[in-house]
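Rule-based calculations on the coordinates, nothing more; no lab input. All figures in this text were calculated on a predicted structure; none of them were measured in a lab. Cβ sites come from the backbone with ideal geometry, for glycine too, and all protein chains shown count toward neighbours.
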Amino acid sequence: MTEIQLKDPMRDPIGWKKEDERPRLDGGPIVAGLLISLTAILIIGIIGLPLFAVFAAVLTAGAAEISATLTDPDTLAALRLTLLIAAIAVPTNGLIGLAAAWAVTKYEFPGKTLLMALIDIPFSVSPVVAGLVYVLLFGAQGLFGSWLDAHNIKIIFAVPGIALATLFVTFPFVARELIPLMQAHGKLDEEAALTLGASGWTVLFRITLPKAKWGLLYGLLLCNARAMGEFGAVSVVSGHIRGLTNTLPLHVEVLYNEYQFKASFIVASLLASLALVTLILKSAVEYFGRDAEATNPIIEAQN
Amino acid sequence: MPVGVTVDHIQKQFAGGFRALRGATLEIKPGELLALLGPSGSGKTTLLRLIAGLEVADDGIIRFDDVDAQSLTLRERGIGFVFQHYALFRHMSVFENVAFGLRSRPRSTRPSSEAIKNRVNDLLDLMQLPDIGHRFPAQLSGGQRQRVALARALAIEPRVLLLDEPFGALDAKVRHDLRKWLRHIHDKTGYTTIFVTHDQDEALEIADRVAIFRTGQVEQIGTPRDLLNHPVNNFVSEFLAETKQRSDYSTLAS
């Protein structure tokens, strides 16, 4: 039997991956220590301190002031609008992102590269430009302006405009998260399911989605964080009508410009808390998702 | 009833310009165990994928008995496909993997969950894999995964069973055992079976007939004894030469 060699050592399930044979690339403990402390100082200084300052500013305000600001009708309206916009943008972009990732990774078609590039545009273009595009399309002097006016449909300076601008800005998060993941998964499982007689929907719900669920959830959370925090694009299309078209980020700016510093910090900390909740959920997804992903290869290596 | 498959002057060119099949023609009899043998890139796997309906031919026709396969959906073709690296659904237990094909049927033809359970357990017994239904693919050895993949393909009672390099990813000892065992399963179930290999020994040892592939065409098709004793050209004889020298095939089917 010994003369029969394996055709391809990469497929050898036994004794191929030996972790301890990897060369050391870390440069020793001193370099590691320096790099770690430098990174830690920068992250704490640039990201941690400002966030801390926001919450600290709130603490200097009295309880009465805090509750007055948070129960102010304009603040509550802004909070409601922000949550509404997130509730529109996140599921919509979840569906579109999933469809886009599916189309790009499972099919070959002309213009695929162009489509992939288009998905990235919201990341590369300034949010202000994104807002202006919608004004050019739907504003009073815009392309569809007179038609919309004639039919009494308000998009710009109204909730639909804010929702559209947010959709634009947050579009890539889910798609960007899913595309590399689904590319790595390939289409072999889908093909196997098809030969077994599964319909397209069965393949989607029993094969593709379960395998991509952690990536999808992660993308949705990032999308949510950005949808609640978006300022630039929303600022252009909102019109800053208090109690009607002000989202939380816009409300913070309004308060700040009116020299209500304490109130603006209080609302800012509310916004920051929403972001922190998202961040905690995101870390949880990373933790459990990595756990779920990691168990397989480890056991596989032992076989 | 097992079906016969006719492959008639099939042409297939890929987007990159590679011509995988150049008029390949062959016939598989109902219930036969046929090996597609040839060097890599000779079109064997492509032909298998065309028969399964995972690719569409540029020209030529594939028939299941007398029916043009082009007019059949993947489900209607009733293919059991065992992929080279098994393609087991790693997020499902072994039981769910094997049950997948039956559970995916439209409600009107779907067996009861009791029937599905019995069928899956029967198959796992047939594969000599009892009591591993609850495990996940990552917890199995290569040989076990191979057998689960076969069980999954057999669960739908395929009209044609297709295996792509079924033993390619296994070490020599396991491969040798599974080879004999595949022949045993075939004799027991009687499905029309086509398997792809680039290993001469494998093809000659278990197949009823072997089709030798070269650059997208069938050079010769015949029983192992035919091929060894009456090769039609140098390519066939040289391709099989290595085997002939080191093994004794006196026990081969003729």
Legend entry - For B:Gln84, residues with placed amide H under 5 Å, excluding near neighbours: B:Asp164
Inset, instruction - Mind running the shape call on the stretch B:15-91? Use the C-alpha gyration tensor, a ≥ b ≥ c as the square roots of the eigenvalues: rounded below 1.5 for a/c, prolate if a/b tops b/c, oblate otherwise. - result: rounded
Inset, instruction - Treating only the Cβ atoms of Lys and Arg (+1) and Asp and Glu (-1) as charged, compute the dipole magnitude of the protein assembly as shown about its Cα centre; round to the nearest 20 debye. - result: 580 debye
Inset, instruction - Select from A:Gly186, A:Trp214, A:Leu196 the residue farthest towards the positive end of the dipole of chain A; place +1 on Cβ of Lys and Arg, -1 on Cβ of Asp and Glu, and compute about the Cα centre. - result: A:Leu196
Legend entry - Charge dipole of the protein assembly as shown about the Cα centre (unit charges at C-beta), most positive-ward option of A:Leu248, B:Met127, A:Phe173: A:Leu248
Inset, instruction - Take every residue in peptide B:131-139, count the Cβ atoms of other chains within 10 Å of its Cβ, and give the average of those counts. - result: 2
Inset, instruction - Would you mind classifying chain A by shape? Square roots of the alpha carbon gyration tensor eigenvalues, ordered a ≥ b ≥ c; an a/c under 1.5 is rounded, otherwise it is prolate if a/b is larger than b/c and oblate if not. - result: oblate
Legend entry - Cα-based Rg of the stretch A:176-285 normalised by 2.2 N^0.38 Å, two decimals: 1.58
Inset, instruction - Output the relative contact order of chain B, whole-number percent, from Cα pairs under 8 angstrom with separation of 6+ residues. - result: 27 percent
Inset, instruction - Report the one residue of B:Gly53, B:Val5, B:Pro39 whose Cα lies farthest in the direction of the positive end of the charge dipole of the stretch B:1-69 (charges on C-beta: Lys and Arg +1, Asp and Glu -1; origin at the Cα centre). - result: B:Pro39
Inset, instruction - Report ³J(HN,Hα) in whole Hz for each residue of the stretch A:113-123, in order, from the Karplus equation J = 6.51 cos²θ - 1.76 cosθ + 1.60 where θ = phi - 60°; Gly and Pro get x. - result: 4, 4, 4, 4, 5, 4, 4, 7, 4, x, 6
Inset, instruction - Helix by helix through chain B, keep the DSSP H runs that span 15 Å or more along the axis on Cα and average at least -0.5 on Kyte-Doolittle, and give those back in order. - result: B:113-126, B:142-155
Inset, instruction - May I ask you to derive the relative contact order of chain A, considering only C-alpha pairs under 8 Å and at least 6 residues apart, and to give it as an integer percent? - result: 28 percent
Inset, instruction - Could you pull out every residue, at least 5 positions away or on a different chain, whose amide H is within less than 5 Å of the one on B:Gln217? Hs are placed 1.01 Å off N in the peptide plane, and Pro or chain starts have none. - result: B:Arg22
Legend entry - Order of A:Val277, A:Val90, A:Val58, B:Val56 - criterion: other Cβ atoms within 10 Å of each residue's Cβ, fewest first: B:Val56, A:Val277, A:Val58, A:Val90
Inset, instruction - Could you give the size of the charge dipole of the stretch B:53-150 about its Cα centre, using +1 on the Cβ of each K and R and -1 on the Cβ of each D and E, expressed in debye and rounded to the nearest 20? - result: 560 debye
Legend entry - Dipole magnitude of chain A, debye to nearest 20 (Cβ charges: Lys/Arg +1, Asp/Glu -1, about Cα centre): 300 debye
Legend entry - P(r) weight above 34 Å for chain B, C-alpha pairs, percent: 17 percent
Legend entry - Shielding by partners - mean other protein chain Cβ count within 10 Å, residues of A:196-208: 5
Inset, instruction - Assuming a ≥ b ≥ c are the square roots of the Cα gyration tensor eigenvalues, decide whether the stretch B:54-117 counts as rounded (a/c under 1.5), prolate (otherwise, with a/b larger than b/c) or oblate. - result: oblate
Inset, instruction - Taking every Cα atom in the protein assembly as shown, find the radius of gyration and the maximum pairwise distance Dmax, and write them in Å. - result: 31.1, 100
Inset, instruction - Could you grab the relative contact order for the stretch B:92-157? Cα pairs under 8 Å, six or more apart, rounded to a whole percent. - result: 52 percent
Inset, instruction - Would you mind checking the pairs A:Lys106/A:Lys211; A:Lys213/A:Lys282; A:Lys187/B:Lys117 and listing those with alpha carbons more than 23 angstrom apart? - result: A:Lys187/B:Lys117
Legend entry - 10 Å Cβ neighbours from other chains, averaged over peptide B:66-77: 2
Legend entry - Over the stretch B:92-157, volume per residue of the alpha carbon convex hull, in Å³: 71 Å³
